[in-house]
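Here is the structure we will look at, set down as structure tokens.
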Amino acid sequence: MSASHIRRNLILLAAVLAIAFAMQFVLPTYYVLTITRMMVLAVFAVGYNMLLGYVGLLSLGHAIFFAAGLYAAGLSTYHLGISVPVAFLIGIAAAFVLALAIGIVALPTMRVSFMIVTLMFAQVGFLTTLYFAQYTGGQDGLSLPHAARQFDLFGTTFSLASEQVRFNLAFGLLAIVLAISFVVLTSRRGRIFAAIRENEGRTEMLGFNVFASKLEAFLYSGTIAGAAGAAYGLLFGYVGSTFASIQYSIEVLLFTLLGGAGTLLGPLLGVLLMTTLIDQLSELTTAYLLVIGVVLIVLVLWFPKGILGTIRERWLPWLM
């Protein structure tokens, strides 16, 4: 990618982040809360996109990393009274360790086998949250006490019950993750990821350590998913086994495919469209999932590579 293309993508990224930041000043409280949730889910999708969009690995079990961060952060706060910043770091560390263990086992497998192995790991994680219901709350989950959702930083007390605090923390996390992704994708490492996606055998023949690169992408993806889960649990004060179910693995896949796998801002766009559709249609009909399925089919027919992926192919080849 040329320097001018990188500069255009950087300007676009800065413009999108500026618009996202400004929303807290113009939208009503309800929509500020909705945008906060979207940004946390977008972090999850950006991490997933690194694996699917840039390395070409389709995981059906990424909810396990989201749940690892969610439970590690939430339970350490709920049961041990650990402060919010430390609990957030514990959530990230838990997702990293889990991604390392699962990656070592799953990455030697290929295509359908990889999908099945990741799905099975996710199911084990989901059942584990139910089996230890006395600690996790099982299906009902646990609500974090208000006192546990406050923390002091530089002499100031922040409460995660505040919409403004939650919005800015979610925005900061999204901005950091997008910035890291931008740096990775414009570096030599990003080009190796793309080479693996296009032709894994040829990349290996050229002397690159394919397994190490795939494991690196898997760790990045799983850790970011864990960061999103930890942020979700702490910001919204709830942990539950629903977040470990296959539904969340499928949702993040749909976010990425709809917005455009392999595009930097595609996951963010996918989350924006999907969550808006679900929120609006669920108020109109109980069969909203059926309607969403039809809408997704139509969108895929018009945009076979996702919205931003198709726009890049037809009109904006510089789009990252």
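The values are calculated or read from the model by the stated rules, or taken from the named source; none is laboratory data. It should be emphasised that the depicted structure is a prediction, and the values quoted were computed from it without experimental measurement. Glycine gets a Cβ as well: all are built from the backbone with ideal geometry, and neighbour counts include every protein chain shown. The accessibility values were calculated without ligands, DNA or RNA, using every heavy atom of the protein model including side chains. Shrake-Rupley method; radii C 1.70, N 1.55, O 1.52, S 1.80 Å.
A few remarks follow.
- Segment 112-181: mean projected area of Cα convex hull, nm²: 8.0
- Between Asn168 and Val97, the simple label model (points 7 Å from Cα in the Cβ direction) yields a spacing of 3.3 nm.
- Nearest-0.05 FRET efficiency for Ile116 and Ser187, computed from C-beta distance (R0 35 Å): 0.65
- Computed log₁₀ I(q)/I(0) - Debye formula, equal Cα scatterers, no solvent, the chain, q 0.11 Å⁻¹: -0.69
- Hz values of 3J(HN,Hα) by residue in segment 266-271 - Karplus curve (6.51, -1.76, 1.60), Gly and Pro given as x: x, x, 5, 5, x, 4
- Note that segment 175-320, at 37 °C in a medium of 0.692 mPa s, gets a Stokes-Einstein diffusion coefficient of 190 µm²/s from its Kirkwood radius over C-alpha pairs.
- Both radii were evaluated on the Cα set of segment 1-120; the Rg over Rh quotient, with Rh as the Kirkwood radius, amounts to 1.06.
- Furthest towards positive pole of dipole, Phe88, Phe158, Trp318, structure part the chain, Cβ charges: Trp318
- Put a dot 7 Å past the Cα of Leu277, heading toward its Cβ, do the same for Asp140, and the two dots end up 3.5 nm apart.
- For segment 154-219, size of Cβ-based charge dipole, Lys and Arg +1, Asp and Glu -1, in debye: 140
- Computed from point charges on the beta carbon alone (+1 for Lys and Arg, -1 for Asp and Glu), the dipole magnitude for segment 76-230 about its Cα centre is near 380 Debye.
- Cleavage-rule hits, chymotrypsin sites (Phe, Trp or Tyr not before Pro), segment 265-320, DSSP coil, Cβ neighbours within 10 Å at most 12: Trp315
- Put Glu313, Glu216 in order of accessible area, highest first, and with a 1.4 Å probe you get Glu313, Glu216.
- Pairwise FRET efficiency - Phe211 versus Arg7, Cβ, R0 = 30 Å, nearest 0.05: 0.30
- Solvent-accessible ranking of Glu283, Glu163, largest area first, probe 1.4 Å: Glu283, Glu163
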